[in-house]
Structure formats: structure tokens, C-alpha cells
Amino acid sequence: MAIMNPKELLFAFEEKYSFLYDICINGVPVYTCHRDGVLARLQGLKSQQALPTVKGKAYPKRLWDSFVKFSRLKKKQTLIFTASLYRRDSGRNLAAEYLLEKYPDGAVFEWPSRNDAYDRAYFADPKKEKYCPMEWYILLYKFYLKLNRKKYQRWAEECTAQLKAGFAGKTAESEEEKRAIEYLLAELSQTYADTACSQELFRQLFKNYKNVRHAIDFWGGARENIIPVLPGKPESIELQHGIITTYHPGYMYPDFVKHCKTDFFRRTLLVYGEKTKKQLTEDSVFAPEKVQVIGNPRIKMYKNCFAAKETDRKLLLFASQPYEQDGIATGYYDTAAT
């Protein structure tokens, strides 16, 4: 029996259980958050043990800064959502800086740093006035969950009912398929309720942001939690932040989702190279006009911000992701080198 490649394996499961894409909250098919978990089980891979939860350190100064700036930035036309984990070039978030140049009337909302190095980097950042930490959200979300436990439970039960109805009448043809279904029955309902709570809270928090025209996410969780509930339905944009493979669960979808009545698959994508654009438009469901090739913003900004130093030493450059530019590394070093 021939072994199916990951993409075919996942797509076959989804075409059989296409109802999974109909379980949506404000146009977000929550199932998409679990595609990697489904694929792992379909491949017969052993479940990874959950890593121990590390409680992040609280930073009162960042918390205060987040409250103050959140009100101050409400007239911005472009909102950029990013994880602090991406801040790794001499303390500067170069990809965010690239976006601030591309969209001058922008502000960057950054998830909590949770360690001293990122905290220091934030307060030393020359672009700090255009950044807003999101510590306030973490604090408010904890209170929101405590006050809305019944609502959370109702959302979870609603999702469970949809799952059971969708899986009824169809027979799993392998142990791997059974494990994938069991996984979804155990995990998807909680994600559904979490997303519903998060969206409801963000809807209230951003209700006064009435001038937003563009909302950009890269590694910031905004495409599911924030952008769908922003006032005025701004353009949803996503910046590529790593390699996109031919079976990447975040970007490669079966053809039938083109007919889903949601804008989730019609968001604008800013990608590193033509190879990635071809993958997204020919092997996935994204329209060519919605995929823009911009190169790697971190490399572009790095060239502009950090001048090369003359040296007599012979240097050997190791590049870990040459694929990200165009798939075969052509032009990669011209982009990276000075």
C-alpha cells in the first residue's frame, strides 16, 4: 500500500469531514487551529507530551504603558499585531519596523514578553512610541473568564454538538482516522470557546478604533482573535514569518474551501518570494491578486540598519533558511549581503 504524502492525507480527511470548516466564529473556521494535530494523528505519530507551563513574570511598567498607549493609539489607520518572540535583532523588531515604513500611520501591538531581555528591549526600542504592549489583555482575559464561565461552557457544548452531528453516520476507516476524530472531540470545543471569549473581549476593547483601514498579523494571533471583530471590517493582511512548505497546515487548504462563505481564506498575504506565491496560488486556495511578494523584511531592514564592518578575517556565512526567498536560494545572498 502506497504511503500518502502529508498534504494528500490531510486533504482526504477534510474532504470526508468537510463540515469541520463550517464550525465558525465571526468567519473564523476554528478547526484550522488543529490541522497540525490532526495530521500528526493521521500519520500515526505518537502524541507529544505537553510541555510544563512556565508562568511568565509580570512587568508593571509595561502593564501601565499598555493602558496609557492603548487609548492614545485609537486613531491609527493600520494596526500591526506581533509576538515579542520575533524581536531578536539587537533588541529591535525589524519586521515591524518594515511594516511601519510601508504603513506610516501604523501602530504595533505586541504580546507580552515574559522575560527580562524582551522587557529591556521594549523600553530601549527607538520606535517605542509606536508600540503598545498587550499585558492589559492577559489581565482582563483572566477576569473575563471568571465572570463568564457559564457562557464559556455554553459555547463549548455548542461546538461539541456540531462535531458529534457531523461525525455521525460516517465510519472511520483506520485507527489513525479514529485517533484524529477523538482528538478533535477532546480539543476543538475548548478552542471554540476560547476563541469566542477572546473575540468578544477584543470587540469591546477595540470598539473605539473606528479609523482602521489595515490590520496586519505576523505571529500575533490576530487573524483568529482580533481582526474579525475590528470596527469597519478593515483589510486583513498577514506577513509571512517563516518557511511555508507544500503541506503547511496554516496555508495549504483543499480546493473546496474556496466556496466557504468566509473571508478567512481571502486575506492578503505578504510573502518572501515567487516560489511561495506560486505555492499559495497553485497548490492552495489563495487568489494571485491577494498574494504580494515583498522579500524578507527582516533582511531588508537589517541591511539598512546595521552597516557592514571591514575585516581581514575570512568569514563563512551559514544561512538556515535559504528556501524562504524563492525556493532554490537564487538571489538570497544578494539580498542578505552588503
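Values as computed for the structure displayed
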{"item": "Residues (surrounded by fewer than 16 Cβ atoms within 10 Å (Cβ to Cβ) and among the hydroxyl-bearing types (Ser, Thr, Tyr)) located in segment 161-185", "result": "THR171, SER174"}
{"item": "Enumerated helices (runs of 4 or more DSSP H) restricted to segment 1-90, each holding at least 2 residues that are at pLDDT 95 or above, aromatic (Phe, Trp, Tyr) and surrounded by 13 or more Cβ atoms within 10 Å (Cβ to Cβ)", "result": "6-16"}
{"item": "Selection within segment 137-160 - surrounded by 12 or more Cβ atoms within 10 Å (Cβ to Cβ) and of a type in the set (Phe, Trp, Tyr)", "result": "TYR137, TYR141, TYR144, TYR152, TRP155"}
{"item": "Search result, residues across segment 201-231 that are in contact (Cβ under 8 Å) with a residue 12 or more places away in the chain and in a helix (DSSP H, G or I)", "result": "LEU201, PHE202, ARG203, LEU205, ALA222, ARG223, GLU224, ASN225, ILE227, PRO228, VAL229"}
{"item": "Lone qualifier among ALA186, ALA156, ALA117 - being assigned to a helix (DSSP H, G or I), in contact with a Ser or Thr (Cβ under 6 Å, 6 or more places away or on another chain) and among the aliphatic types (A, V, I, L, M)", "result": "ALA156"}
{"item": "Test result for ALA107, more than 18 Å from LEU269 (Cα to Cα), out of contact with any Gly (no Cβ under 7 Å at 6 or more places or on another chain), buried (at least 22 other Cβ atoms within 10 Å of the Cβ) and modelled with pLDDT of 90 or more", "result": "yes"}
{"item": "Sole residue being among the basic types (Lys, Arg), out of contact with any Cys (no Cβ under 7 Å at 6 or more places or on another chain) and buried (at least 17 other Cβ atoms within 10 Å of the Cβ), chosen from ARG203, ARG223, ARG266", "result": "ARG223"}
{"item": "Residue within segment 286-301 that is of a type in the set (Gly, Ala, Ser) and surrounded by fewer than 18 Cβ atoms within 10 Å (Cβ to Cβ) present", "result": "yes"}
{"item": "Residue list for segment 276-306, restricted to those being modelled with pLDDT under 90 and assigned to a helix (DSSP H, G or I)", "result": "PRO297, ARG298, ILE299, LYS300, MET301, TYR302, LYS303, ASN304, CYS305"}
{"item": "Condition broken by GLU282, with the remaining ones in (1) surrounded by 19 or more Cβ atoms within 10 Å (Cβ to Cβ); (2) under 28 Å from ILE299 (Cα atoms); (3) out of contact with any Lys or Arg (no Cβ under 9 Å at 6 or more places or on another chain) satisfied", "result": "(1)"}
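The values are calculated or read from the model by the stated rules, or taken from the named source; none is laboratory data. These numbers come from a predicted model, not from an experiment. With ideal geometry, Cβ positions are generated from the backbone for all residues, glycine too; neighbour counts draw on all protein chains shown.
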